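Visitor: To start, I am sharing the structure in question, which I have written as structure tokens.
The values are calculated or read from the model by the stated rules, or taken from the named source; none is laboratory data. In this text, all values refer to a predicted model and were calculated from it rather than measured experimentally. So basically every Cβ, Gly included, is an ideal-geometry build from the backbone, and we count neighbours across all protein chains shown. Remember, those area values only see protein heavy atoms, side chains included, never the ligands or the DNA or RNA. Shrake-Rupley method; radii C 1.70, N 1.55, O 1.52, S 1.80 Å.
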Amino acid sequence: MYLKNFAKLLSILTVLVFLGTVSADSGPIIERAQATALAQDYLDSKGLPYTAMTPAYSDWKAKVRVNKTGEVKWIPFGEYKEDAFEGTGKYKYIADAWVVRVRDSSGNIVGTIYVDAESGKIISAKIDGKTETGSSGGKPLTYTGNGTGTEEAQGGVLEAIQGFINSIIQFFQNLFGSVTG
């Protein structure tokens, strides 16, 4: 009886660990709400009367170089990840960022701000047809603020659930890592 229950438990843990390692995606370090707050800080520091909109999950983009043509472009991060996973070699990774849309008081989109998804630095901003990018050498744009401003709780429940799921996956990955060495 004991052996049978142990086998069931081991089977369940194996499946959970497998699912955790297969479906685990570390995701961006900077979450959507933080990216929005950083973009709003940037707008405020420049004295621009606009509002940063919370990006959708599909607004997590990868900046890549297309190996065949040399073209540099932003693509959905999932598309880059699929290419990297399958090993097709279509793209060379450069960076990843949240694309935060900017709107005016009438609700019209007036630009976008690219927030580095790893460091939270502002990579570039295109607002009212003017583009500002980091100085040569890849330095981020300068602005005052640190993205700790408050934001409406848009998507907060979903982010909390995702965080909970990620913590469960991380637990099983750590457990599996400690068991297998």
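Visitor: Out of region 81-90, which residues are open to solvent by less than 60 Å² (accessible area, probe 1.4 Å) and not in a loop (DSSP other than H, G, I, E, B)?
Guide: Across region 81-90, the qualifying residues are 83, 84.
Visitor: Which of (1) of a type in the set (Ser, Thr, Tyr); (2) closer than 19 Å to residue 32 by Cβ; (3) modelled with pLDDT of 85 or more does residue 148 not meet, given it meets every other one?
Guide: (3)
Rundown of residues vs (1) part of a strand (DSSP E or B); (2) open to solvent by 40 Å² or more (accessible area, probe 1.4 Å); (3) at pLDDT below 90, yes/no style:
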site: 79; (1), (2), (3): no, yes, no
site: 92; (1), (2), (3): yes, yes, no
site: 111; (1), (2), (3): yes, no, no
site: 115; (1), (2), (3): yes, no, no
site: 119; (1), (2), (3): no, yes, yes
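Visitor: Let me ask something else about it. Among the listed residues 120, 78, identify the single one that is in contact (Cβ under 8 Å) with a residue 24 or more places away in the chain and under 21 Å from the mean Cα position of the chain (by Cα). Outline the logic, then answer.
Guide: Details: 78 fails: in contact (Cβ under 8 Å) with a residue 24 or more places away in the chain.
Step by step, each of 120, 78 is checked, and only 120 is in contact (Cβ under 8 Å) with a residue 24 or more places away in the chain and under 21 Å from the mean Cα position of the chain (by Cα).
Visitor: If you don't mind, there's one more thing I want to ask. Whether any residue in region 97-104 is loosely packed, with under 14 Cβ neighbours inside 10 Å and in a loop (DSSP other than H, G, I, E, B) is what I want to check.
Guide: From region 97-104, those loosely packed, with under 14 Cβ neighbours inside 10 Å are none; that's our starting set.
Looking for residues that are loosely packed, with under 14 Cβ neighbours inside 10 Å and in a loop (DSSP other than H, G, I, E, B), one finds none in region 97-104, hence no.
Here is a yes/no grid of residues against (1) crowded, with 16+ Cβ neighbours inside 10 Å; (2) modelled with pLDDT of 95 or more; (3) within 11 Å of residue 114 (Cα to Cα):
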{"site": "34", "(1), (2), (3)": "yes, no, no"}
{"site": "37", "(1), (2), (3)": "yes, no, no"}
{"site": "45", "(1), (2), (3)": "no, no, no"}
{"site": "63", "(1), (2), (3)": "yes, no, yes"}
{"site": "68", "(1), (2), (3)": "no, no, no"}
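Visitor: Let me ask you something else. For region 26-69, name all the residues that are within 30 Å of residue 84 (Cα to Cα), out of contact with any helix residue (DSSP H, G or I) (no Cβ under 9 Å at 6 or more places or on another chain) and among the hydrophobic types (A, V, I, L, M, F, W, C).
Guide: 29, 38, 39, 66 - these are the residues of region 26-69 that are within 30 Å of residue 84 (Cα to Cα), out of contact with any helix residue (DSSP H, G or I) (no Cβ under 9 Å at 6 or more places or on another chain) and among the hydrophobic types (A, V, I, L, M, F, W, C).
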